[in-house]
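Here the structure comes first, spelled out in structure tokens, and everything after it is commentary.
The values are calculated or read from the model by the stated rules, or taken from the named source; none is laboratory data. Remember, it's a predicted structure, so these values are computed and weren't measured experimentally. Ideal geometry is used to build each Cβ from the backbone, glycine not excepted, and the neighbour counts take in all protein chains shown.
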Amino acid sequence: MKEFVISEAQTEKAILVALITQTQDERTTYEYLDELAFLAETAGAEVVCSFTQRLDAANSVTFVGKGKLQEIKEYITENEIGMVIFDDELSGKQLRNIETELQVLVLDRTSLILDIFAKRAQTANAKTQVELAQFRYMLPRLTRLWTHLERQRGGIGMRGPGETQLETDRRIILNRISLLKQQLIDIDKQKTTQRKNRGNMIRVALVGYTNVGKSTLMNLISKSEVFAENKLFATLDTTVRKVIIDNLPFLLTDTVGFIRKLPTDLVDSFKSTLDEVREADLLLHIVDISHPGFEEQIKVVEKTLSEIGGGGKPCILVFNKIDAYTYIQKAEDDLTPKTKENITLDELMKTWMAKLNDNCIFISALEKQNIEELKTVMYNKVKEMHVQRFPYNDFLYQVYDETEE
Ligand code: GDP
Ligand code: MG
């Protein structure tokens, strides 16, 4: 097995690789690359440039074509690049071939996301879930050259499940997986009991794509201090807070954001986190309206929700970041049809309100615009559910009880 050393400085410089295919046009590819760059930066890398290639489908041996791989190799050598990140999940075979050829650290979107998750995990529950996901990712890729990874302990992609990363023995990993699964079952039991003890309250979950402002809104509504920042997956653990609007108490949960191209069996590892979503009575689906790809993000979230068994729940669409919404005003003599860049916020609001039967609201969590209106919408919806669910339970009485304590 070949061995090579990558210096600390080099590991931080990264390049990105993505394909333009029949099912993924150029514009979409560049949008994905923007997101991948954001992910890489979140993980602590410096993205230097990106490579794209037009192919009918990914090459099963090296993902990109031979010539492209050579081009990437030359660039890596000239610019001292320490890491190459592919936007799509690589098979064990592709990973091995590319690593052998490029002699640098090779990551894909999934392993990059897992690395961020590993850094963000705070509780035992989150850590166990991430570790399980990492092993599941590793298992079909065991033939990979792990030796060079050991040399860069602490770098991106390295925060694997510790020393066992070197033990490429399938049996050990399988044992570990079943152990982790058992640990998660135990944690699950505790969590289920915790949830049962929460009493007669309607549960509302904030869901949405990553970085749309869920935690910011959570802090605003519940006056809690959930970590929010301009990074992907700032919050990995779910936070539950009791919120009272006009004497009506309910539970509000902040959840991990969704992202495209996250394999379902990985999502599965985060079961206990996602239970909060599954068991919620009402979902607030937060959308970043200032993001050019917000419509696709809505679709990704809806698809993920139905995959984890949280589809079909009552849902209010909350369009956030209206303060940052921009559009390109068309010249008066420009008679070409409007594209989505030329639509004003007003027009957009009207279209969505008509489409969703007014089941949506437009806010800015940062600038605190329309928050009172949002609270009213939430109040009405939660009250309606509360009265249906707990007909003999007067919530006003409950609250007075608590203030007396
Ligand atoms: P989460 O990943 O969905 O929890 O998103 P966060 O709450 O962590 O917010 C992500 C980023 O978006 C942070 O930098 C926030 O300050 C920013 N943000 C949140 N709400 C708004 C808003 O209404 N307008 C603008 N311009 N930025 C916002
Ligand atoms: Mg968050």
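Tell me which residues, restricted to region 71-85, are of a type in the set (D, E, K, R) and either at negative phi or touching a Pro at 6+ places or on another chain (Cβ under 7 Å) (or both).
Glu71, Lys73, Glu74, Glu78
Residue under question is Thr344, and the condition is that it be modelled with pLDDT of 90 or more and out of contact with any Cys (no Cβ under 9 Å at 6 or more places or on another chain); does it hold?
Criteria not met by Thr344.
Would you say Leu95 is assigned to a helix (DSSP H, G or I) and in contact (Cβ under 8 Å) with a residue 40 or more places away in the chain?
Against the criterion (assigned to a helix (DSSP H, G or I) and in contact (Cβ under 8 Å) with a residue 40 or more places away in the chain), Leu95 qualifies.
For Ile85, indicate whether it is under 12 Å from Ala14 (Cβ atoms) and out of contact with any Phe, Trp or Tyr (no Cβ under 6 Å at 6 or more places or on another chain).
Here the answer is yes, as Ile85 does meet what is asked.
When both residues are 6+ apart or on different chains and their Cβ atoms are under 7 Å apart, which pairs have a first residue that lies in region 346-372 and is assigned by TED's automatic domain parsing to the domain that holds Ser290 and away from ligand 2 (no atom under 16 Å from the Cβ), and a second that is in a helix (DSSP H, G or I) and aromatic (Phe, Trp, Tyr)?
Cys360/Trp352
Would you please name the residue that is modelled with the highest pLDDT, looking only at residues in region 205-240 that are more than 24 Å from Leu262 (Cα to Cα) and in a helix (DSSP H, G or I)?
Per the stated criteria, the residue is Leu217.
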